[in-house]
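Working notes, structure below.
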Amino acid sequence: MTKRRQVATVIATAELRAIPVRGMRDVFAGDSVADLVVDALALGGLRLHEGDILVLKHKIVSKAQDRRVALDSVKPSAAARQFAALNGVDARVIELALREAKRVVRKKHVLITETQHGLVCANSGVDVSNVDGGKTAVLLPVDPDRSAAQINRRLKKRTGLHIPVIIADSFGRAWREGLCEVAIGVAGMKAIHDYRGNADAYGYKMHATEEAVADELACVAGLVCGKNSRIPACIIRGYPYQRGGGDARLLVRPAEKDLFR
């Protein structure tokens, strides 16, 4: 069995643990997310281990970067007010979404945009839930990959360990109801596992299989963190990730390959 085939087999049979990081205090501008995670784990009698992966909800990263906007300070444009009136939503949130958008993908019932990061999502990722009761909106981090890399480096300094970092957000999906977590920032591991060139269990050579492992790990963490549990971080233990620079941008399908654009 080749080394490449062995890697594919190990990944397929790995047993995972998802460990919630409890007891984290509210995050404020200028905070070190890495330090907050390590300190919260220590208070709970836990610590990071070699091979662990840290998954963070993007909101705590955004808060640490002061990506909050007081809604009372937002003056909606005519376009934002019109869309809000037709669809029963907050015109201030729509205004922020339009400002954060690189392009508007759909403007019927729900505002779907492409962000500056290349992410296609509702309202450019602008969110008011789990912040302060609706007074403030939180924007996505300016550069989630860079943010993940900074947290990865800080964890290395605090623990001496190489801990890959995934920053996750909840997205809707075409043709499917409900939300799923997706990786919007990745550092320290490859975001995609490429099986192309490997033989499957029946000897067939795979030609197109690329697994979005960062998204899948984000979903595992999402089940543990929940939506209203005040658990913004999760440790994934047991997944034999492939080291790499990360780059969640690789998960965004290029325009020339996008059949729905």
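The values are calculated or read from the model by the stated rules, or taken from the named source; none is laboratory data. Predicted, not measured: the structure shown is a model, and the values here were computed from it. Methodologically, a virtual Cβ is constructed for each residue, glycine included, from the backbone with ideal geometry; neighbour enumeration extends over all protein chains shown. In case anyone asks, the SASA skips ligands and DNA or RNA and just uses the protein heavy atoms, side chains included. Shrake-Rupley method; radii C 1.70, N 1.55, O 1.52, S 1.80 Å.
Quick notes on this structure:
- Projecting the Cα positions of 189, 220, 209 onto the charge dipole of the range 166-241 (unit charges on Cβ atoms of Lys, Arg, Asp and Glu, taken about the Cα centre) puts 220 furthest along the positive direction.
- For residue 59, the aspartates and glutamates whose Cα falls under 14 Å of its own Cα, not counting residues fewer than eight places away in the same chain, are 26, 31, 127, 132, 143, 169, 181.
- Rounded Å value of the spacing that divides the Cα centres of the range 223-261 and the range 113-155: 13
- The mean accessible area for residues of the chain, using a 1.4 Å probe and ignoring ligands and nucleic acids, is 55 Å² per residue.
- Net charge dipole size for the chain [Lys, Arg +1 and Asp, Glu -1 on Cβ; Debye, nearest 20]: 240
- Residue 22 sits among other residues whose Cβ lies under 13 Å from its own Cβ, and their net charge, with Lys and Arg +1 and Asp and Glu -1, is +1.
- Answer label, with Cα extents along the principal axes in Å calculated from the coordinates and candidates (i) 56, 50, 26; (ii) 64, 48, 27; (iii) 66, 40, 28: (ii)
- What a 1.4 Å probe finds exposed on the chain is 52% carbon and sulfur by accessible area, rounded to a whole percent.
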